[in-house]
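Trainee: Quick one: the structure is below, and I'll ask about it shortly.
The values are calculated or read from the model by the stated rules, or taken from the named source; none is laboratory data. In this text the structure is predicted, and so the values were computed from the model without any measurement. Ideal geometry is used to build each Cβ from the backbone, glycine not excepted, and the neighbour counts take in all protein chains shown.
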Amino acid sequence: MYCKKCGTDMGNSTFCPHCGQPASVPEYDAEVVGGPKNASNNEQANGYSGIKCPHCGSNNCQPMTETKVSGGGYDPGSGCCGYILFGPLGLLCGACNSGTTSTNRTYWICRNCGRRFNG
């Protein structure tokens, strides 16, 4: 099987090894995605989403989610306080206050020009 987007031989792969295009793209439902119910084969092969890039006007956009993890590690302030209160074993207090937090951010990326934008 050959990729509908770039023409690379995909073999039995589910995704193209060259451009990452899926072997088959299901029909879009206009109520769910915002695209036409019966998008043309060319639009499906190019990842038609119904969202237009504000920079180049292309419909070849896909959603991306970015996760940032912050925090963690050793807190020297808590370690010093622990040392003063509990002696050398109190240095471990610096590791007690080190919680991690994660935040997710979803945005769209244009597969033609590479620009990121909020949908």
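Trainee: Restricting to the stretch 83-119, name every residue that is over 30 Å from residue 73 (Cα atoms) and of a type outside the set (A, V, I, L, M, F, W, C). Walk me through how you get there before you give the answer.
Mentor: Pass one, the stretch 83-119, residues over 30 Å from residue 73 (Cα atoms): 108-119.
Residues satisfying the conditions are 111, 112, 114, 115, 116, 118, 119.
Trainee: Taking the stretch 62-119 as the region of interest, how many residues are without any contact (Cβ under 8 Å) to a residue 40 or more places away in the chain and among the β-branched types (Val, Ile, Thr)? Give the steps one after another, and end with the answer.
Mentor: First, the residues of the stretch 62-119 that are without any contact (Cβ under 8 Å) to a residue 40 or more places away in the chain: 67-104, 114, 118.
Filter once more, so that each one left must be among the β-branched types (Val, Ile, Thr): 67, 69, 84, 100-101, 103.
Going through the stretch 62-119 one residue at a time, the tally reaches 6.
Conditions (1) in a loop (DSSP other than H, G, I, E, B); (2) modelled with pLDDT of 80 or more; (3) not assigned by TED's automatic domain parsing to the domain that holds residue 110, marked per residue:
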position	(1), (2), (3)
7	yes, no, yes
13	yes, no, yes
19	yes, no, yes
26	yes, no, yes
35	yes, no, yes
38	yes, no, yes
73	yes, no, no
78	no, yes, no
81	no, yes, no
